[in-house]
1. Quick one: which residue in GLY132, GLY80 is at positive phi, part of a loop (DSSP other than H, G, I, E, B) and out of contact with any His (no Cβ under 8 Å at 6 or more places or on another chain)?
2. How about the stretch 120-164: which of its residues are surrounded by fewer than 19 Cβ atoms within 10 Å (Cβ to Cβ) and small (Gly, Ala, Ser)?
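No lab work stands behind these numbers, since they all come straight from the coordinates. None of these values were measured; they are calculated from a predicted model. Heads up, the Cβs are rebuilt from the backbone with ideal geometry, glycines too, and the neighbour counts pull from every protein chain shown.
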Amino acid sequence: MLRLFTFIFSLSFFLTSGSFAKGWPDFPFPDKAKISIVAENMIVNGVSMQAWELKSKESLEETLGFYRQEWQSNDPNNPGYVEDALANWKIISHKEGDYFFTAKLEGNKAGCRGYLGLTLLPDDDARLPKLGADFPRLNGTTVVQDIRSTDGGKKSQTLVMFNKASVQENKEFLTEYYAQDGWVTQSPANVPALLMQRGGEELNVTFSRSQGNTYMTAVKVGH
C-alpha cells in the first residue's frame, strides 16, 4: 500500500506495452523492464486510472530516453511530453486525447525503478463525486484522498482524512457504527488502530495525533 500512496500523491500533484481494461490505450513498457501491476482498475478522487511498477537494469537516462522517443511529436515547438523533478525522482508525462500518461522514475545501483500511471481525464464540466461520501465519519472530517480499486475480483477503498476530534472519539464512533451492522472488533482497545471483520470483509484504520488534529488512514476490503 505504501508504494501505491507514494505514486498517487506525486501523480495527483502533476495532474493540477500493456493495458488491462477494455477501451484503454496501451501504456508503452521498455522491453528490458520488469513490470508489475499496482492497480488494474482504480479510482482516485473520482478519476479513473491504472498503475504499474517498473524495475529495470537499464539506467535512469536510458529509460527516460525510451519515453522521450515514444512520446515525441513532429512539432518542433512541442516535444510531445513534459519533464519535471520531485526530490530524487524524474517525471515525464504525455497527454494523448482524453488520457494522461505519467512515468515517475528514479535511478539506483541496479539501474532504474519507478511507477507508471495512465489516467482518464475528466470532462471539463464533469462533476466529481464527494470524497468518502459512503464512509461514516464524525462531523467536521476532511477527506484528503479517496482511492477505490478492484483487483482479482476484490474491491477495496482507502481513505486518508483528518478532524479535530480525539483518537478515542473517532475510534469509538467507527466501532459503534460498524458493530451495529454485524462487524466484529479484532484489535485491542488500548492501541491507536482499529481492525474489524465481517465474513470476508475487513476494515483497518490507523490513527495518529498531530498539531491538534487526528489523522486517519482507513482501508476497507470486501467482495
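1. Details: GLY80 fails: out of contact with any His (no Cβ under 8 Å at 6 or more places or on another chain).
Answer to the selection: GLY132.
2. Selection gives ALA126, ALA133, GLY140, GLY152, GLY153, SER156.
Here is a yes/no grid of residues against (1) of a type outside the set (Phe, Trp, Tyr); (2) surrounded by fewer than 19 Cβ atoms within 10 Å (Cβ to Cβ); (3) more than 26 Å from ILE147 (Cβ to Cβ); (4) in contact with a Lys or Arg (Cβ under 6 Å, 6 or more places away or on another chain):
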| residue | (1), (2), (3), (4) |
| --- | --- |
| MET49 | yes, no, no, no |
| ASN78 | yes, yes, yes, no |
| ASN88 | yes, yes, no, no |
| GLY97 | yes, yes, no, no |
